[in-house]
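In what follows, a structure is listed as structure tokens, so that the remarks can point back to it.
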Amino acid sequence: MSGPNKNASKISLFIADVDGSLVNEDKVLTPRAQSAVKALNAAGIAFAITSGRPPRGMAMLFEPLALRTPVASFNGGIFINPDMTIIEEHLLAPDAAKRAVKLILDHRMDVWVYSGNDWFVRDSDAPHVAREQWTAKFPPTVVHDFGAALDRAVKIVGISDDLDLVARCEKAAQDALGAQLSAARSQPYYLDVTHPNANKGTVATTLSKLLSVPPAEIATIGDMPNDVLMFRKSGVSIAMGNASPEVQKQARFVTASYKDEGFAKAVERHVLGRQIETLARK
């Protein structure tokens, strides 16, 4: 690959996607993953997380991971400190938010809106709502109309179990609204729509600035198309074994699946192992 991925040596920051990468298929942080993060800290490598989840949906990870770095929720829509104070946020323009909701509904997909600390849905019994509530650890607010929520929307999600439809809607959103928003699948059944500066690539560059770490010294790991932007802004990129072949092709390394401790194995082999090799050459 070209760009900063080509000649990286030292790693000073490791940025991990959460769902499908850091946590397993049950959305659980395994003891081995937790130990891997402790080993990073012991080696002097900063560890940060990013996700399409809202801040409250990531809070349960802060203490087990002993996080000290800024947290990028909503794919970079909001950066917070581990004490939940906001560092910066990127809201969708109201007109773009309204157009995105219409485009998703026109594709006959369900739609959710995240605004502030609230999650708005049209039907609490719709597909994936119960699982998302279990993952995020807080319930949605049911509304008939999103109304004022679209004036301060930080993320809009299109949902369908027709995975080809989600992919088509992703392309349609990018083609119609690409200058006004970022649209990318965070799961095969989720289309995340955020501010154009709220994407995984901007997450990497923002954390680079906030933590004073050059992009060439950043390692990233993820499993979905929206993680590829993060791969391109880092010195070492790692795709999960459960990622699609297209995503895997965009990464420098491929680790095991999230069902087989892929995150921990990536830390052990491609991050900590790489540091040991670098030190041995000096």
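Observations on the structure shown:
- Gyration tensor verdict on the chain (Cα atoms; rounded if a/c is under 1.5, prolate if a/b is larger than b/c, oblate otherwise): prolate
- Summing Lys and Arg as +1 and Asp and Glu as -1 over all other residues whose Cβ lies under 13 Å from the Cβ of Met84 gives a net charge of -2.
- Summarising the label geometry, the points placed 7 Å from Cα in the beta-carbon direction at Ser124 and Thr30 lie 3.5 nm from one another.
- Taking every protein chain into account, the 1.4 Å probe leaves Met224 with about 20 Å² of accessible area, to the nearest ten.
- Unit charges at the beta carbon, dipole of region 1-139: most positive-side option, Leu29, Ala46, Asn75: Ala46
- Size of charge dipole - region 26-79 - debye, nearest 20, with Cβ of Lys, Arg +1 and Asp, Glu -1, no other charges: 20 debye
- With every protein chain in place and a 1.4 angstrom probe, the accessible-area ranking of Phe74, Phe146, largest first, reads Phe146, Phe74.
- For the chain, the longest principal axis of the alpha carbon atoms and the long axis of helix 163-177 meet at an angle near 80°.
- Cα shape, region 143-209, gyration tensor, a/c 1.5 rule: oblate
- When Tyr258, Tyr190 are compared by accessible area of protein heavy atoms, the largest-first order is Tyr258, Tyr190, using a 1.4 Å probe.
- Split the accessible area of the chain by element, probe 1.4 Å, and carbon with sulfur accounts for 51%.
- Dipole of the chain, positive end: most advanced residue of Pro55, Phe14, Gln174 [Cβ charges, Cα centre]: Phe14
- Computed over neighbours whose Cβ is under 12 Å from that of Phe138, the net charge equals +1, Lys and Arg +1, Asp and Glu -1.
- Rounded to the nearest Hz, the phi-derived 3J(HN,Hα) couplings of region 219-227 under the Karplus curve 6.51 cos²θ - 1.76 cosθ + 1.60 (θ = phi - 60°) are 10, 10, 9, x, 9, 10, x, 6, 7, where x marks glycine and proline.
- Each label was represented as a point 7 Å from its Cα along the Cα-to-Cβ direction; for Ala43 and Thr85 these points are 3.1 nm apart.
- Taking the DSSP bridge list for the chain and keeping only pairs wholly inside it, about 55 percent are antiparallel.
- Region 171-281 shape via C-alpha gyration tensor axes, a/c threshold 1.5: oblate
- Computed over protein heavy atoms with a 1.4 Å probe, the accessible surface of region 195-271 works out to 38 Å² per residue.
- Cα-based helix-to-principal-axis angle, 94-106 vs the chain, degrees rounded to 10: 80 degrees
- Restraint check, Lys10/Lys155; Lys38/Lys171; Lys38/Lys98; Lys10/Lys259; Lys102/Lys259; Lys98/Lys259, Cα-Cα greater than 32 Å: Lys10/Lys155; Lys38/Lys171; Lys38/Lys98; Lys102/Lys259; Lys98/Lys259
- Computed [θ] at 222 nm, helices only, for the chain once each DSSP H run of length n ≥ 4 contributes -39500 (n - 2.57): -8500 deg cm²/dmol
The values are calculated or read from the model by the stated rules, or taken from the named source; none is laboratory data. Small disclaimer: the values here were computed from a predicted structure and weren't measured. Every residue, glycine as well, gets a Cβ built from its backbone with ideal geometry; the counts of neighbours run over all protein chains shown. Remember, those area values only see protein heavy atoms, side chains included, never the ligands or the DNA or RNA. Shrake-Rupley method; radii C 1.70, N 1.55, O 1.52, S 1.80 Å.
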